[in-house]
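Visitor: Submitted below is the structure of interest, expressed as structure tokens.
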Amino acid sequence: MPAPRHRSRTMRRVFKKTPGGKTVLHYSKRKPSKPQCGGCGKPLQGVPRKRVTEMQNLPKTAKRPDRPYGGILCTECTRALMIEKARQQ
């Protein structure tokens, strides 16, 4: 039986083959869901799928694309927003 901390379905179960030929079960945390665009809800490109603690250790440039609204809006929504802002002026 697995250890009590591994009995949850939130743990990802990975079968590994050992050098001795046995297959053992390793447990790891599941990947979080992909970050989504605030406008249309599409998955964002250029933003890593990491846990919060891993994201804290990344540099700012690795956390999101270096453009206006990077990591918040997708490119299509950003483009539409910029065009709308330019029209208002």
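Visitor: When you scan the stretch 49-75, how many residues do you find that are on the phi < 0 side of the Ramachandran plot and surrounded by 14 or more Cβ atoms within 10 Å (Cβ to Cβ)?
Guide: 10
Visitor: Looking only at the stretch 1-60, which residues are small (Gly, Ala, Ser) and touching a helix residue (DSSP H, G or I) at 6+ places or on another chain (Cβ under 8 Å)?
Guide: Within the stretch 1-60, 38, 39 meet the criteria.
Visitor: Select from the stretch 5-24 the residues that are farther than 21 Å from residue 51 by Cβ and either surrounded by 10 or more Cβ atoms within 10 Å (Cβ to Cβ) or at pLDDT below 90 (or both) and list them in ascending order.
Guide: Residue satisfying the conditions is 24 alone.
Visitor: Here are some conditions: (1) closer than 30 Å to residue 1 by Cβ; (2) surrounded by 12 or more Cβ atoms within 10 Å (Cβ to Cβ); (3) modelled with pLDDT of 95 or more. Residue 27 meets all but one. Which one does it not meet?
Guide: It fails just one condition, (3).
Visitor: Also, quick follow-up: Could you pull out every one of the helices (runs of 4 or more DSSP H) wholly within the chain that has 3 or more residues that are touching a residue at least 12 places away in the same chain (Cβ under 8 Å)?
Guide: In the chain, 75-88 are the helices (runs of 4 or more DSSP H) which contain 3 or more residues that are touching a residue at least 12 places away in the same chain (Cβ under 8 Å).
Visitor: Now, a different point. Only one of (1) surrounded by 10 or more Cβ atoms within 10 Å (Cβ to Cβ); (2) at pLDDT below 95; (3) not hydrophobic (A, V, I, L, M, F, W, C) fails for residue 78. Which number is that?
Guide: Residue 78 satisfies all of (1) surrounded by 10 or more Cβ atoms within 10 Å (Cβ to Cβ); (2) at pLDDT below 95; (3) not hydrophobic (A, V, I, L, M, F, W, C) except (2).
The values are calculated or read from the model by the stated rules, or taken from the named source; none is laboratory data. Small disclaimer: the values here were computed from a predicted structure and weren't measured. Cβ: placed from backbone, ideal geometry, glycine included. Neighbour counts: every protein chain shown.
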